[in-house]
Amino acid sequence: AEVEESYIMIKPDGVQRGLVGEIISRFEKKGFKLKGLKLFQCPKDLAEEHYKDLSSKPFFPKLISYITSGPVVCMAWEGVGVVASARKLIGATNPLQAEPGTIRGDLAVQTGRNVVHGSDSPENGTREIALWFKEGELTEWTPVQTPWLVE
Ligand code: DAT
Ligand code: MG
């Protein structure tokens, strides 16, 4: 697997429900590297751009009002195979179908309140990080744990 980056976002329900620490912990403990982190009130145009592939869906207006209904936590995570691994940690889109042990499986009950977003491909990971973070908001660093995570 390659070193990739994924855009992970704690949605407004996750923030309002006090799940920020719990959700960040799961990616941190797995061994991925945090490169960007901010609490952010998402404007409507950014939400629409982020979810533009879903703009023809009947649930699109509700999705946009949900994502803009309160602050989100924007994160950029890097690591070997992070995109697919983060999707596994997050679980299925419908939290009732998400496996126990996943974030959605453990912490949510409804598709429209599924607490977290994760990029679905390495290309979208890079695209979404560029969309949500400005120049200077990302930090390159080497965690001391790296040699204890990868041979
Ligand atoms: P995911 O977030 O698992 O990548 P997605 O990209 O297909 O799922 O959809 C993005 C979000 O849109 C999803 O997290 C919740 C919402 N959504 C998707 N399908 C939906 C549906 N059938 N009804 C209501 N909301 C839906
Ligand atoms: Mg998606």
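The values are calculated or read from the model by the stated rules, or taken from the named source; none is laboratory data. The shown structure was predicted, so the numbers you read here are calculated from the model rather than taken from an experiment. Virtual Cβ from ideal backbone geometry, glycine too; neighbours counted across all protein chains shown. In case anyone asks, the SASA skips ligands and DNA or RNA and just uses the protein heavy atoms, side chains included. Shrake-Rupley method; radii C 1.70, N 1.55, O 1.52, S 1.80 Å.
When residues in the range 124-137 are screened for being polar (S, T, N, Q) and within 14 Å of ligand 2 (Cβ to nearest atom), 1 of them pass. Of the residues making up the range 10-35, those that are part of a loop (DSSP other than H, G, I, E, B) and in contact (Cβ under 8 Å) with a residue 40 or more places away in the chain are Lys11, Arg17, Leu19, Gly31, Phe32. A residue that is touching a Cys at 6+ places or on another chain (Cβ under 9 Å) and either open to solvent by 90 Å² or more (accessible area, probe 1.4 Å) or more than 14 Å from ligand 2 (Cβ to nearest atom) (or both) cannot be found anywhere in the range 109-123.
Just one of (1) under 15 Å from the mean Cα position of the chain (by Cα); (2) exposed (fewer than 15 other Cβ atoms within 10 Å of the Cβ) fails for Arg104. It is (2). Each residue in the range 97-124 was checked for being more than 12 Å from ligand 1 (Cβ to nearest atom) and in contact with a strand residue (DSSP E or B) (Cβ under 8 Å, 6 or more places away or on another chain), and 1 pass. Take Val15 and tell me if it is under 23 Å from Trp141 (Cα atoms), among the β-branched types (Val, Ile, Thr) and open to solvent by less than 40 Å² (accessible area, probe 1.4 Å). No: the conditions fail for Val15.
From the set of residues in the range 79-101 that are open to solvent by 50 Å² or more (accessible area, probe 1.4 Å) and closer than 20 Å to Glu2 by Cα, which is nearest to ligand 2 (Cβ to nearest atom)? Across the range 79-101, the extreme among qualifying residues is Arg87.
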